[in-house]
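Step one of this worksheet: look at the structure below.
The values are calculated or read from the model by the stated rules, or taken from the named source; none is laboratory data. A quick note: this is a predicted structure, and the numbers were derived from the prediction, not measured. Neighbour counts are summed over all protein chains in view; Cβ atoms, including those assigned to glycine, are modelled from backbone coordinates with ideal geometry.
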Amino acid sequence: MQSLEFKSPGSIQEACRLLDATGSRPIAGGTDVIPQMRDGRFQAGTLVDISRIPDLSYVKQINGEIAIGSTTTHTMIVDSPLIQARARFLAEVSGIVGGVQTQNRGTLGGNIANASPAGDTLPVLLALDATLDLVSQSGERSLALADFLRGPGRTAILSGEIIRQVRFAPLAQGAQSLFLRLGNRKGMLISVVSVALVLELDAAGRVRDCRIALGAVAPTPIRCREAEAILLGRPVDAGLIENAAAAAEAASRPIDDVRASAAYRRHIVRVLVRRGLKQLAGLGEATS
Ligand SMILES: Cc1cc2nc3c(=O)[nH]c(=O)nc-3n(C[C@H](O)[C@H](O)[C@H](O)COP(=O)(O)OP(=O)(O)OC[C@H]3O[C@@H](n4cnc5c(N)ncnc54)[C@H](O)[C@@H]3O)c2cc1C
């Protein structure tokens, strides 16, 4: 049996030094790492526990942006007044990642680095145009989340590098946001389709801001720019929303798997985008 070392550094610098060694990999909450190790899908000679590093866990405003430290747990995000006020759908999604135990252990950085096409915070962070700040022994660099995600379980992270924080511009005061997902089993649910939406209307009812992102329907979560363009600058009504929902369906590239067929997933994209946009526009389709 291969031996496994466990190190618990007290600072980012020490973590980066430990992660520079061959076979070292970070662990935060362990809610993805431990099941994957059991299944033989995660290999490491040394696990570097970054969850106890104090300056990786926070939600704060920096230079007009909201910054979230990578080991911030889903529970901390749910409880953050700043996230509730200026990126409400991020608080909503964090509150449905697994059950309470998973939310208490699991971190935002872990959800991102795990890069599952069904990772629930990812469409929300794409809709927020999130940027990642990455740190290693060689220094720091920043990357848009859209460029970081490369495929199922694949990212642009370099060996020895960790996500230090995630940051994004807060939504405008008048913008509304929503996260919807369809899955098979509460608590252990892996999204079959997820949808993150932002809608802001001006005083005349025209769409000032619109963002539509999808999860679990392509190798990585995706933004639907064509669907957004259909709505932007126009007075919102049911017909326009239907056109945007159809464009979102067309943008999705799902696969058949044990949880759902590709055709069913495409259909659900249209249903959830239509339903969510109608709810945000006050056109009366309630979600449950
Ligand atoms: C019962 C259960 C239910 C779940 N339900 C959901 C769900 O509904 N939705 C959902 O999206 N996920 C779900 N998950 C998956 C998991 O809880 C989340 O992905 C969680 O956010 C992972 O965070 P973590 O801190 O536990 O990551 P870890 O398991 O510690 O790490 C995950 C991966 O990220 C890497 N990593 C961690 N932190 C960093 C960092 N700062 N920089 C670079 N790499 C890093 C690790 O090396 C590893 O590859 C569930 C898991 C369980 C066990």
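Annotations
- Residue check for Ser142: touching a helix residue (DSSP H, G or I) at 6+ places or on another chain (Cβ under 9 Å), at pLDDT 95 or above, closer than 21 Å to Arg223 by Cβ and not in a loop (DSSP other than H, G, I, E, B): no
- Selected residue (criterion: farthest from the ligand (Cβ to nearest atom)) from residues of segment 123-172 that are among the hydroxyl-bearing types (Ser, Thr, Tyr) and farther than 16 Å from Gly64 by Cβ: Ser138
- Sole exception among (1) within 18 Å of Arg164 (Cα to Cα); (2) modelled with pLDDT of 95 or more; (3) more than 10 Å from the ligand (Cβ to nearest atom) for Leu82, by number: (1)
- The set of residues in segment 97-136 being part of a strand (DSSP E or B) and closer than 20 Å to Asp49 by Cβ consists of Thr107, Leu134, Val135, Ser136.
- Contacts under 6 angstrom Cβ, first residue in segment 70-84 being touching a residue at least 12 places away in the same chain (Cβ under 8 Å) and surrounded by fewer than 20 Cβ atoms within 10 Å (Cβ to Cβ), partner part of a helix (DSSP H, G or I) and not charged (D, E, K, R), 6 or more apart: Thr75/Gln103; Thr75/Asn104; Val78/Ala91; Val78/Ser94
- Val33 vs. criteria within 11 Å of the ligand (Cβ to nearest atom) and buried (at least 22 other Cβ atoms within 10 Å of the Cβ): no
- Qualifying residue in segment 88-97 (condition: out of contact with any Pro (no Cβ under 6 Å at 6 or more places or on another chain) and near the ligand (Cβ under 7 Å from one of its atoms)): yes
- For segment 14-23, taking the residues that are outside any loop (DSSP other than H, G, I, E, B) and not charged (D, E, K, R), the one that is farthest from the ligand (Cβ to nearest atom) is identified as Leu18.
- Among the residues listed as Ser136, Ser142, Ser177, Ser159, the single one being crowded, with 16+ Cβ neighbours inside 10 Å and farther than 26 Å from Val271 by Cα: Ser136
- Meets criteria (at pLDDT below 95 and either farther than 20 Å from Val93 by Cα or crowded, with 23+ Cβ neighbours inside 10 Å (or both)) for Asp256: yes
- Filter result for Val135 (over 18 Å from Arg86 (Cα atoms) and modelled with pLDDT under 95): no
- Just one of the listed residues (Leu283, Leu240) is modelled with pLDDT of 95 or more, surrounded by fewer than 20 Cβ atoms within 10 Å (Cβ to Cβ) and not β-branched (Val, Ile, Thr), namely Leu240.
- Pick from segment 102-113, criterion among the polar types (S, T, N, Q) and touching a strand residue (DSSP E or B) at 6+ places or on another chain (Cβ under 9 Å), ranking: nearest to Pro26 (Cα to Cα): Thr107
- Search result, residues across segment 246-271 that are under 27 Å from Ala204 (Cβ atoms) and in contact with a strand residue (DSSP E or B) (Cβ under 9 Å, 6 or more places away or on another chain): Ala247, Ala248
- Criterion (under 25 Å from Ala156 (Cβ atoms) and assigned to a strand (DSSP E or B)) met by exactly one of Pro35, Pro26: Pro26
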